[in-house]
1. Here is a list: 240, 278. Which entry is surrounded by fewer than 16 Cβ atoms within 10 Å (Cβ to Cβ), in contact with a strand residue (DSSP E or B) (Cβ under 7 Å, 6 or more places away or on another chain), within 30 Å of residue 683 (Cβ to Cβ) and touching a residue at least 24 places away in the same chain (Cβ under 8 Å)?
2. Any idea how many residues of the range 299-357 are under 28 Å from the mean Cα position of the chain (by Cα) and in a strand (DSSP E or B)?
3. Residue 649 versus (1) surrounded by fewer than 21 Cβ atoms within 10 Å (Cβ to Cβ); (2) modelled with pLDDT of 95 or more: which is the lone unmet condition?
4. From the residues in the range 633-650 that are over 24 Å from the mean Cα position of the chain (by Cα) and in contact (Cβ under 8 Å) with a residue 40 or more places away in the chain, which one is nearest to residue 665 (Cα to Cα)?
5. Just the residues that are part of a strand (DSSP E or B) and over 19 Å from residue 273 (Cα atoms), please, taken from the range 233-253.
6. Restricting attention to the range 664-677, which residues are buried (at least 21 other Cβ atoms within 10 Å of the Cβ) and in contact with a strand residue (DSSP E or B) (Cβ under 8 Å, 6 or more places away or on another chain)?
7. Being within 25 Å of the chain's Cα centre (by Cα) and crowded, with 22+ Cβ neighbours inside 10 Å is the filter here; which residues of the range 546-581 pass it?
8. Within the range 376-389, can you find the residues that are more than 24 Å from the chain's Cα centre (by Cα) and either touching a residue at least 40 places away in the same chain (Cβ under 8 Å) or outside any strand (DSSP E or B) (or both)?
């Protein structure tokens, strides 16, 4: 079945790789259209046309789109070119070179949990897909995870810290925004239609991927794009050559998006994204425990979006957008181990429906260029399961914000903002009989930022911001589950919300013609200190178990990333040194679980044959991993050595219709377990994937 699918889907890719697939006139038209469709790069001599990721226009902490390099905050983005280069297997792979960010890399679970500066789990990091919140949790290690197939993604943007509080309730750790392609991103300037096929294979796990994309432009004011993805992988081997059990999976995904422009300034985008995952869920894929529960999982994620914008050319006071969305993630589990429990079932079902509205008004007055942005948002979340340890119920989050930005003389920028957040949780106690119980709260959170550009290309800024995170349904209403037995977990209706107070200082560097004509340097450096009051976690030193405000947490560190591009090559550097720990309570002095640790990434690349070939290598270094025993805070922590990985890549744009991507991950076959992975003292294998060869062929036709 697998071979038949691969052979049939490869036919288009191979056909498109033949240069003569289009008549000569059509080839020339495609070349001109491709040139017209490229983003512009602000190099002084115009020799470079492709921007770096730091020049990308994307969302920012102010909810106003702008270049990453100009943002007065810790922002990073991963674009489609980088995604093709690394050929990610999971959403976690996308962020392996993003400073201050770590992501779960469990081979036995395609879900991903994002950790920013030491904060993770849903509500601490807001994750959106085409603007729709991705809220999901299940028992134990699955809390705060989400499902995103990387082949769907055009671009991923990370905003670090509570400076992003304009994006809605929660987000004290930051925001991760995933975007899919519009038809305008796929079609060339003069094309009416286009069709592409991407066929990929990786040897470690015998994994196949097919991705088929098609788009049609009905008129200049109406277009549509669709994509279908199939991914199938067997269990992979670690760096020691041992098979890591339970790590195979099958993924089917796709999306459909249409864009309509009914009148000047008006735009409506309607989208649907469907994902289906079949895999195994375990607490630790390499564990030899005879009693560890393992489940076969069938997960469906559905996302529906409608985004409306109105930007009239003749009225700077109106830049309006409204987004409505619905996301539902439902996973059905059938137990496959241990033998005594085979046949047991359970399910988790989380759905979020919401909207957000905002408008930006721009005007000049008193020597300043003013931008006033204001908006409101609301979401309604439901969680249901047939397991007591889940924490079923309903959650409402709502709020609004007002923000002012003033620019003076090209050298001074000021931002002030205030946000209001409120929430209400409704569920049941675990008493007999159960009793309905609710909890609620609200808060105002301010932000102040000042940026100064004393000389061209050099910008410094400072920020004070606050954020607010409501306790989640699992925090409040959970009963039973891991690290307990039977009904040893009880709800906690007295949980206080978490609040974050953060100071940040940063430098943005933007220079052209640094060493040679046409080269350019972009760099961001960010220092931060964040205090989190009323940090919520389970206190494993007492029974019955419950989520508690175990104390206060402190995050501090430095993050940096830089890109130097000199035409025939480039160097990308990114890294972070972060100390994230609990500073009061029973766990005082212990690091936050799964903190991103000290990380460094260096990528060096070269271009040849008129930039049709790009090749290079990436070095990743992960610092020491400290694993604490929350059941015994006085126990000596286990400190594991860090690890180093080397990856190589080569990308060949054969012609306008064909592309070949090649990569080798973990070239030196390092045996390692990522700190974000579920960890077990009984693991017989490492969790990390050993040496993996990847190849992908992409073919495209259009007219």
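The values are calculated or read from the model by the stated rules, or taken from the named source; none is laboratory data. Here the structure is a predicted model, which means the values were calculated and not measured. We place every Cβ from the backbone using ideal geometry, glycine too, and count neighbours over all the protein chains shown.
1. Step by step, each of 240, 278 is checked, and only 278 is surrounded by fewer than 16 Cβ atoms within 10 Å (Cβ to Cβ), in contact with a strand residue (DSSP E or B) (Cβ under 7 Å, 6 or more places away or on another chain), within 30 Å of residue 683 (Cβ to Cβ) and touching a residue at least 24 places away in the same chain (Cβ under 8 Å).
2. Total satisfying the criteria: 38.
3. The single condition residue 649 does not satisfy is (1).
4. Restricting attention to the range 633-650, the residues satisfying the condition of being over 24 Å from the mean Cα position of the chain (by Cα) are 633-641, 650.
Right, trim to in contact (Cβ under 8 Å) with a residue 40 or more places away in the chain and you get 633, 637.
Details: 633: 37, 637: 31 Å.
In this case the residue turns out to be 637.
5. Taking the range 233-253 as the starting set, the residues that turn out to be part of a strand (DSSP E or B) are 233, 237, 243, 249-253.
Result: 233, 237, 243, 249.
6. Narrowing the range 664-677 to residues buried (at least 21 other Cβ atoms within 10 Å of the Cβ): 665-666, 672-677.
Passing the criteria: 665, 666, 672, 673, 674, 675, 676.
7. 553, 555, 559, 561, 572, 574, 576, 578, 580
8. 385, 386, 387, 388, 389
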